[in-house]
Amino acid sequence: MGTKTEDEAAAKAAAKPAEPEAADTTDGTGAKAVTAEKTTDAKDAVPAGHADADADAAADDDADELVVVEEVAPAKSGGVFQGAAAVVSAALGVIGLSGGWLGTVASARANIVGQLETKQSASVADQIQAMYGDSWQVTALIAGAFALAALVVGFIVLVRPAFGAPDQVQASWIKSVAWAGVALGVIGLLLAIAKYSDLIYGLPSAS
């Protein structure tokens with residue numbers, strides 16, 4: 001009986017599948033560490049591709065910004081010179097209405113020359129023409145020159161965009177000032193012509 005029981009127990013033990021031996025603490029920790037490292041590497045590998053895509057997108061944005069800066073810069077520099085020319089045109093137009101200090105000096109000089117060249121025996125009409133008529137005509141000439149310069153400069157400012165960059169827009173204040181210079185130039189030029197030809201404020205007739 002004892003032998004039979006021992007034999008049965010041995011047979012059962014042989015028939016039972018062998019269970020895997022549990023790994024010791026050291027081996028188990030090492031396996032966990034290796035698994036954690038592999039998981040971390042897998043997680044890090046995915047964002048790397050996204051990081052490259054983001055870097056490319058940022059580079060494209062920077063390139064677009066650089067292109068925009070290159071296109072806008074010439075427009076600003078051109079507007080500065082056109083604005084300055086428009087202001088000069090308006091200033092010349094104002095001077096053209098009176099002749100300025102240059103017209104005053106030239107008029108006084110013509111008056112002195114007329115007094116020196118006029119003889120005492122000359123008629124009253126000749127004396128008036130030499131002393132006043134010539135000096136007034138000189139003032140009209142100088143005023144007309146300033147008015148003509150204002151007209152030309154203002155016209156150039158107004159037509160400049162047609163010969164420049166097609167996408168360059170002229171500021172509204174530049175157009176306004178340029179038109180003011182052109183208007184003053186036309187008025188001053190008409191007044192100068194009228195004064196020089198004695199259409200207005202002619203010399204009085206000596207009776």
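Figures for the structure shown
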item	result
Among (1) in contact (Cβ under 8 Å) with a residue 24 or more places away in the chain; (2) part of a loop (DSSP other than H, G, I, E, B) - the single one ALA180 does not satisfy	(2)
Sole exception among (1) under 17 Å from the mean Cα position of the chain (by Cα); (2) open to solvent by less than 20 Å² (accessible area, probe 1.4 Å) for GLN168, by number	(2)
Close pairs (8 angstrom Cβ cut-off, 6 or more residues apart or separate chains): closer than 27 Å to ILE142 by Cα and open to solvent by less than 50 Å² (accessible area, probe 1.4 Å) in the range 109-131, in a loop (DSSP other than H, G, I, E, B) and of a type in the set (A, V, I, L, M) anywhere	ILE128/LEU203; ILE128/ALA206; ALA130/ALA122
Matching entry among GLY144, GLY99 (being on the phi > 0 side of the Ramachandran plot and open to solvent by less than 40 Å² (accessible area, probe 1.4 Å))	GLY99
Test: residue in the range 189-205 that is part of a helix (DSSP H, G or I), farther than 22 Å from ALA110 by Cβ and open to solvent by 80 Å² or more (accessible area, probe 1.4 Å)	yes
Conditions (1) in a helix (DSSP H, G or I); (2) open to solvent by less than 40 Å² (accessible area, probe 1.4 Å): number failed by TRP136	(2)
Residue among ILE142, ILE128 that alone is modelled with pLDDT under 80 and part of a helix (DSSP H, G or I)	ILE128
Some residue of the range 81-94 being in a helix (DSSP H, G or I), β-branched (Val, Ile, Thr) and open to solvent by less than 60 Å² (accessible area, probe 1.4 Å)	no
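The values are calculated or read from the model by the stated rules, or taken from the named source; none is laboratory data. This is a predicted model, so every value here is computed, not measured. Because the Cβ atoms are built from the backbone with ideal geometry, glycine has one as well, and the counts that use them run over all protein chains shown. For the accessible areas, the whole protein counts, side chains as well, though only heavy atoms, and no ligand, DNA or RNA atoms are used. Shrake-Rupley method; radii C 1.70, N 1.55, O 1.52, S 1.80 Å.
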